[in-house]
1. Look through GLY14, GLY10 and report the one residue that is part of a loop (DSSP other than H, G, I, E, B), under 23 Å from GLN113 (Cα atoms) and touching a residue at least 40 places away in the same chain (Cβ under 8 Å).
2. Give the residue that is nearest to GLN12 (Cα to Cα), with candidates limited to residues of the range 109-144 that are open to solvent by 30 Å² or more (accessible area, probe 1.4 Å) and in contact with an Asp or Glu (Cβ under 8 Å, 6 or more places away or on another chain).
3. Quick one: is VAL81 on the phi < 0 side of the Ramachandran plot and crowded, with 21+ Cβ neighbours inside 10 Å?
4. Residue by residue through the range 46-96, note down the ones that are out of contact with any Gly (no Cβ under 9 Å at 6 or more places or on another chain) and modelled with pLDDT under 95.
5. Just checking, how many residues over the range 36-54 are crowded, with 18+ Cβ neighbours inside 10 Å, in a helix (DSSP H, G or I) and not small (Gly, Ala, Ser)?
6. Just name the residue that is modelled with the lowest pLDDT out of those in the range 195-215 that are open to solvent by 10 Å² or more (accessible area, probe 1.4 Å) and touching a helix residue (DSSP H, G or I) at 6+ places or on another chain (Cβ under 7 Å).
7. Does HIS181 satisfy the condition of being in contact with an Asp or Glu (Cβ under 7 Å, 6 or more places away or on another chain), closer than 21 Å to GLN218 by Cα and of a type outside the set (A, V, I, L, M, F, W, C)?
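The values are calculated or read from the model by the stated rules, or taken from the named source; none is laboratory data. Just so it is clear, the structure is predicted and the values come from calculations on it, not from any experiment. Cβ: placed from backbone, ideal geometry, glycine included. Neighbour counts: every protein chain shown. Just so you know, the surface numbers come from the protein's heavy atoms only, side chains and all, with ligands and any DNA or RNA stripped out. Shrake-Rupley method; radii C 1.70, N 1.55, O 1.52, S 1.80 Å.
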Amino acid sequence: MPTIAIVGAGPQLGLAIARTYGTHGYDVALIARNRAKLEGLAEELATEGITAAAFPAGVLDRTALTQALQDAAAHFGGIDVLEYSPVGGFDSTVLTTPAATEPADVQHEMEFQLYGAIAATRAALPAMREAGAGTLLFTTGAGSVDPVPQVANVNAAAAALRNWVLNLHKELEGTGVQAAHVGIDVSIGTPAVPGIPTAKPEEISPVYWELHTTRRDQAELVFSL
């Protein structure tokens, strides 16, 4: 069976992506910090006929993240799709405007978004290159494309990740491996920011399947309503 590894697997978008791929016959490797929550998601997917397994690791611990992806590849016989979308909480993220931003305000977000993505890619990409097939998908908010002053530090790191993914897409052209960025210009599940429309995770997750299948030449897709 082909396998998707979802880094930052959560009960909203991560679970929806797992279901989208699972219904197309993919096994699912779930990677995030909380073992109990991951195992709960795996059990939920199992009741729907989707094979899933939990591999706990936080994206800030690059050694653990790398090991989790290696363990997932060993467990399922490889990783065909890597999806990276860790979600930070307001308890760990101090939001700053551009003029109020200190270097440290961006550093945490860079560790969380860009550096974690690089580590995950280095763990998964070599086998994809060798096979001449695979997909690497990376998610940010649409502020990576059109920044919002209230979340300048988060947007700066997201823009760095977006830049790196678009460049990776160029590098991988002709190798059979696809890299693409997904920018989400909505609140997911429940309203979070006044004036920003809200979409259900199930409305968003199909774009991840499209980028893996019918839009393999596309480096970026911004989801909006």
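1. Only one candidate qualifies: GLY10.
2. GLY141
3. Numbers: on the phi < 0 side of the Ramachandran plot: yes; crowded, with 21+ Cβ neighbours inside 10 Å: yes.
Here the answer is yes, as VAL81 does meet what is asked.
4. If the condition is that a residue be out of contact with any Gly (no Cβ under 9 Å at 6 or more places or on another chain) and modelled with pLDDT under 95, then GLY88, GLY89, PHE90, ASP91, SER92, THR93, VAL94, LEU95, THR96 are the ones that fit.
5. 3
6. Of everything passing the filter in the range 195-215, PRO201 is modelled with the lowest pLDDT.
7. Values: in contact with an Asp or Glu (Cβ under 7 Å, 6 or more places away or on another chain): yes; closer than 21 Å to GLN218 by Cα: yes; of a type outside the set (A, V, I, L, M, F, W, C): yes.
When the stated conditions are applied, HIS181 passes them.
Condition check ((1) among the polar types (S, T, N, Q); (2) closer than 25 Å to ARG215 by Cα) across all residues:
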residue	(1), (2)
THR63	yes, no
ILE79	no, yes
VAL94	no, no
HIS108	no, no
ALA120	no, yes
ALA123	no, yes
LEU136	no, yes
